[in-house]
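The values are calculated or read from the model by the stated rules, or taken from the named source; none is laboratory data. Model, not experiment: these values are computed from the prediction. Positions of Cβ are backbone-derived with ideal geometry, glycine not excepted, and every protein chain shown enters the neighbour counts. To get the accessible areas, we keep the full protein, side chains included, count just its heavy atoms, and leave off ligands, DNA and RNA. Shrake-Rupley method; radii C 1.70, N 1.55, O 1.52, S 1.80 Å.
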Amino acid sequence: MLGACRAEAQVFHEPVKSAYITGGAYSEQFTDAFSFTGNPAVLGTAQSGRLALSAERRWMLKELDYCQLAGVFPAGSGGIGFQFHYTGDADYNEYSLAMAYGKDLGNISLGLQFRYEMYHAAGYGNKPDGSVTLGLRFHPAEKLYAGLVFSGSVFEKKERANPEKGSGDYIMGFGYEASAGVLISIQFIKEAGIPLNLIGCIDYRWSDQFFASLGMETNSASPYIKAGWRKNQLTVEWFTAYHAALGFTPGLVLLWEGKKRSG
């Protein structure tokens, strides 16, 4: 007796990302050191040094712990950013290092990012990869920001036996600063082989001291919430996302911002 079936598999392996900390890429009042990971063009308006550290436990599994470190520094009429991330355990892990630069051109900012990635599976060695990302951010109206992001793999062929073309990512984002304390943002994300993903979020801030956010990622139907408190130059944020089948993903973010440069 012979049988056959058809199944869909993942077309490409995408680097692990966090959808909960990128909405500030389409704002001026709600940016932080992680914002450029959503669109490197946000570095064009960097006015102060910033550092950020985050840690999350995906679906409460220690094998899927995900940590990030990022920094932003003003540079002339723009800014420089770096990001390092690590996820996994001794049996399987991923890490990457990204460097980015953004420049302000008035109502338009441009950004360019280079990322080096490494995947390690016990018994199978290491597999390197890399990508280049180009970002644009527009400021068409006083309270409105918009942007485009294009990302592609550096390596066209990743395997000798079964060559695989590198994936491409495309993002269109919008941010509306309804007031000094309210940001409404939405991102349309299209990754190769994956249906269109939408990330929508409302950020609220009062007294420049307390923060709260409510958002949704459509592909996984995962709602998430964030809450934070700021004292002087340090901000502490807590967030959690929920997946109906996999459960909760809690996380903690530490943000530091230096004094803004004059001029």
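ALA227: closer than 18 Å to SER54 by Cα, part of a strand (DSSP E or B) and open to solvent by 40 Å² or more (accessible area, probe 1.4 Å), yes or no?
So ALA227 passes the test.
Select from the range 179-197 the residues that are open to solvent by 40 Å² or more (accessible area, probe 1.4 Å), among the aliphatic types (A, V, I, L, M) and part of a strand (DSSP E or B) and write down the one among them that is farthest from ASN232 (Cα to Cα).
Restricting to residues being open to solvent by 40 Å² or more (accessible area, probe 1.4 Å), among the aliphatic types (A, V, I, L, M) and part of a strand (DSSP E or B), the top hit is ILE186.
Is it the case that the range 235-252 has a residue that's of a type in the set (Ser, Thr, Tyr) and assigned to a loop (DSSP other than H, G, I, E, B)?
Looking through the range 235-252, none of the residues is of a type in the set (Ser, Thr, Tyr) and assigned to a loop (DSSP other than H, G, I, E, B).
Out of (1) surrounded by fewer than 21 Cβ atoms within 10 Å (Cβ to Cβ); (2) of a type in the set (Gly, Ala, Ser); (3) not in a loop (DSSP other than H, G, I, E, B), the odd one out for GLY24 is which?
It is condition (1) that GLY24 fails.
Here's a check for you: in the range 236-255, which residue that is surrounded by 13 or more Cβ atoms within 10 Å (Cβ to Cβ), free of Cβ contacts under 8 Å to residues at least 60 places away in the same chain and more than 17 Å from the chain's Cα centre (by Cα) is farthest from THR31 (Cα to Cα)?
Filtering first and then ranking leaves TYR242.
Checking the structure you have, find out if any residue of the range 195-214 is aliphatic (A, V, I, L, M) and in contact with a Cys (Cβ under 8 Å, 6 or more places away or on another chain).
Checking the range 195-214: at least one residue is aliphatic (A, V, I, L, M) and in contact with a Cys (Cβ under 8 Å, 6 or more places away or on another chain).
Filter the range 198-221 down to the residues that are touching a residue at least 24 places away in the same chain (Cβ under 8 Å) and open to solvent by less than 70 Å² (accessible area, probe 1.4 Å), then identify the one that is nearest to the chain's Cα centre (by Cα).
Once the filter is applied, the top-ranked residue is ILE199.
Could you list all residues from the range 170-193 that are free of Cβ contacts under 8 Å to residues at least 40 places away in the same chain and either farther than 17 Å from ASP32 by Cα or of a type in the set (Val, Ile, Thr) (or both)?
TYR170, MET172, ALA178, SER179, VAL182, ILE184, ILE186, PHE188, ILE189, LYS190
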